[in-house]
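The values are calculated or read from the model by the stated rules, or taken from the named source; none is laboratory data. All values reported here derive from a predicted model rather than from experimental measurement. Here the Cβ positions follow ideal geometry from the backbone for every residue, glycine too, while neighbour counts run over all protein chains shown. Each accessible area value is taken on the protein alone, full model and side chains, heavy atoms only, with ligands, DNA and RNA left out. Shrake-Rupley method; radii C 1.70, N 1.55, O 1.52, S 1.80 Å.
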Amino acid sequence: MKVLKFGGTSVGSPERIRHVANLIRQSGRNIVVLSAMSGTTNTLVEIADYLYKRNIPGAQDTINQLRAKYQGVVDELYSSDDTKARISDKLERTFQVLTHFTNCEFTAAEEKEILACGELISTTLMQGYFEEIGVRSVLIPALEYMRTGEGGEPDMKYISTRLNRLLALEPDAEVWLTQGYICRNAYGEIDNLRRGGSDYSASLIGAVLNVEEIQIWTDIDGMHTGDPRIVQHTRPVKQLHFEEAAELAYFGAKILHPTCVLPAKLHNIPVRLLNTLDPEAQGTVIANFPPDGTIKAVAAKDNITAIKIKSGRMLLAYGFLHKVFETFNRFNTAIDMMATSEVGVSVTIDNTQHLAAIVDELKHFGTVSVDSDMVIVCIVGNINSDSNSRFCAQAVEALEDIPVRMISYGGSNYNISMLIRACDKQRALNKLNEHLFEQNHG
Ligand code: ADP
Ligand code: ASP
Ligand code: MG
């Protein structure tokens, strides 16, 4: 059995839904995880925003537009009037729920309920289509098995027990359909796995069922050497080690949600990135491959702030780094990158919620300076393998006329990170792609 996850663009129109239904039908008896149709979660965020601001007409207008959009989808997707009426009725219940929130107190709990609607709608649409074309699909509601614990981490035991039980109730299903992204929290309230979290849903399901493969179907033929939205002449990477994929996802390769790699890695389940628009394309396989001494891809993480703490006494000052880290720790702020010298330390963070307080504290230990609007560029591959000592040089060479604020090398065998200014990002990424991939591969 496999898990197949289809993202927002893959189910973004009636035509795409029909196309994906055919892909699913041909793939055998699998579990299918769906995202909301593209744009829907953003619209739901917008509705929640109106409700937070008590702009009821704004919320109601947006709900009405969404309802009209889905009425159009229903009209176009189904051929029989009976299916149209039945699915419209089902969707109307979701829209009634949305409307209900315009009349009640609005808190984070209601927001989570609103954000869950996109995946509830897309799975209802797909199931209706399967019924119409005579495929016996069974909807397994994510809200009945996907759950997080008190610290927000997935409750694997609960997920496994509940999901296995729900699947066992439907032994004759040709396809099991379920929602990505949505879950319940430790108190049973509706929650989600964060934006883009359907990839994580697929990986968690794959892990608890120990499936043969997790397939992430999207709108591009696998992980590319760079972000194709800003880099020219990128090409798909055939194979990635779990660690390489995790680094790329963490450092901004949007094709994969950062949390998605770990469950698959822990259970050694290959993850395949595939293109709904070109199903024959090879895509990318992520697995426990032996090191092959190549650079795979470059990713970039935006909105980074660099903090430098200079202390003339650092060499002799025992515990200096401890005090610095402890400060960030106290403010629940994770450090992404660091560089040290005898007189100081530079670190980067992406969560600036407590920046002012952190800087105040750090001033006890030295002189503090802050640079915002920075970007971490992360070059990923078997960086430290003996055969590729030239890669580091090539990376530095590619950025020869771009100011690099920090470099981090050797933290793992899989990445070199460089901190640059946001205004240099596009040029840096294109130069790296040219130097590292185009020149090597013609
Ligand atoms: P889905 O809606 O299917 O989850 P996403 O939009 O989350 O899809 O991810 C796919 C998009 O990720 C691609 O359309 C592409 O623009 C973007 N992307 C960014 N970096 C990369 C990369 N290195 N390789 C491939 N795609 C990337
Ligand atoms: N629909 C959710 C989002 O847009 C989850 C996902 O697509 O993975 O973030
Ligand atoms: Mg995604």
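Which loop-located trypsin sites (Lys or Arg not before Pro) does the stretch 191-278 contain, where loop means any DSSP state but H, G, I, E or B and the Cβ has at most 16 other Cβ atoms within 10 Å?
Details: sites: ARG194, ARG195, ARG229, LYS238, LYS254, LYS265, ARG272; in loops: ARG194, ARG195, ARG229, LYS238, LYS254.
Those that pass, being in a loop and sparsely packed, are ARG194, ARG195, ARG229, LYS238, LYS254.
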Kindly express, to the nearest 10 degrees and within the range 0 to 90, the angle between helix 320-330's C-alpha long axis and the longest C-alpha principal axis of the chain.
-> 20
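Can you pick out the pairs among LYS84/LYS112; LYS254/LYS425; LYS238/LYS425; LYS112/LYS254; LYS310/LYS363 whose Cα atoms lie more than 18 Å from each other? Kindly include the intermediate steps, with their values, before the conclusion.
On the way: LYS84/LYS112 28 Å; LYS254/LYS425 16 Å; LYS238/LYS425 25 Å; LYS112/LYS254 23 Å; LYS310/LYS363 9 Å.
The pairs that break the limit, which is 18 Å between Cα atoms, are LYS84/LYS112; LYS238/LYS425; LYS112/LYS254.
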Cα long-axis angle, helix 156-168 against the chain (0 to 90 degrees, to the nearest 10) = 30
Accessible surface of the chain, 1.4 Å probe, proportion on carbon and sulfur as whole % | 48
Leaving ligands, DNA and RNA out of it, rank ILE140, ILE407 by accessible area with a 1.4 Å probe, largest first.
-> ILE407, ILE140
List the lysines whose Cα lies under 17 Å from the Cα of LYS90, skipping any in the same chain that are fewer than 8 positions away.
-> LYS69
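How large is the charge dipole for the chain, taken about the Cα centre, if only the Cβ atoms of Lys, Arg (+1) and Asp, Glu (-1) carry charge, to the nearest 20 debye?
Working: 43 positive and 54 negative charges, 108 e Å.
Value, rounded to 20: 520 debye.
Rank these by accessible area, largest first, 1.4 Å probe: TYR318, TYR158.
Values: TYR318 215, TYR158 60 Å².
Greatest to least solvent exposure: TYR318, TYR158.
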What's the extension gain from GLU105 to ASP371 if we count 0.36 nm per residue and subtract their Cα-Cα distance?
-> 91.7 nm
Excluding ligands and nucleic acids, what accessible area in Å² is computed for ASP227 using a 1.4 Å probe, to the nearest 10?
-> 40
Approximate spin-label separation HIS322-VAL396, in nm, with each point projected 7 Å along Cα-to-Cβ | 3.3
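Using the Cα atoms of the stretch 68-227 to build a convex hull, what is its mean projected area in square nanometres?
Details: hull surface 48.3 nm².
Approximately 12.1 nm², given one-decimal rounding.
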Just the accessible area for GLU189, please: 1.4 Å probe, Å², rounded to the nearest 10?
-> 90
On Cα atoms only, tilt of 14-26 relative to the major axis of the chain in degrees | 90
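Quote to one decimal, in nm, the extra length available between ASN42 and THR161 on full extension: 0.36 nm per residue of separation minus the C-alpha distance between them.
Numbers: separation 119, 0.36 × 119 = 42.84 nm, distance 3.25 nm.
That works out to 39.6 nm of additional length.
Find the relative contact order for the chain and round it to a whole percent, using C-alpha pairs within less than 8 Å whose residues are 6+ positions apart. Can you show the working numbers first?
Details: 862 pairs, mean separation 59.2, N = 442.
The normalised contact order for the chain reaches 13 percent.
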Relative contact order of the stretch 233-325, pairs being alpha-carbon contacts under 8 Å that are 6 or more residues apart, as % = 33
Using a Gaussian network for the chain with springs between C-alpha atoms less than 10 Å apart, which of these wobbles most: GLY28, GLY196, GLY180?
-> GLY28
Could you rank MET1, MET337 by how accessible they are, 1.4 Å probe, largest area first?
-> MET1, MET337
For LYS301, which aspartates and glutamates qualify as cross-link partners when the Cα separation must be under 16 Å and same-chain residues fewer than eight apart are set aside?
-> ASP227, GLU244, GLU247, ASP336, ASP350, ASP371, ASP373, ASP424
How big is the accessible area of CYS423 in square angstrom, nearest 10, if you roll a 1.4 angstrom probe over the protein chains?
-> 100
What would the Debye formula give as log10 I(q)/I(0) at q = 0.12 Å⁻¹ for the alpha-carbon point model of the chain, no solvent?
-> -1.10
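I need to check one value: relative contact order of the stretch 140-191, counting alpha carbon pairs closer than 8 Å and at least 6 residues apart, in percent.
50
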Residues in the stretch 151-194 reached by a label modelled at LEU262 [backbone nitrogen below 20 Å; 7 Å Cα→Cβ] = 151-161, 180-187, 191-194
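Calculate the dipole size of the stretch 123-179 relative to its Cα centre from +1 charges on Lys and Arg beta carbons and -1 charges on Asp and Glu beta carbons; express the result in debye to the nearest 20.
Working: 5 positive and 9 negative charges, 34 e Å.
So the magnitude is around 160 debye.
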So, with +1 on the Cβ of K and R and -1 on the Cβ of D and E, and no other charges, what is the size of the charge dipole of the stretch 295-405 about its Cα centre, to the nearest 20 debye?
-> 320
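Determine the percent antiparallel among the DSSP beta bridges restricted to the chain, to the nearest 5.
Working: 43 of 68 bridges.
Antiparallel bridges: around 65 percent, rounded to the nearest 5.
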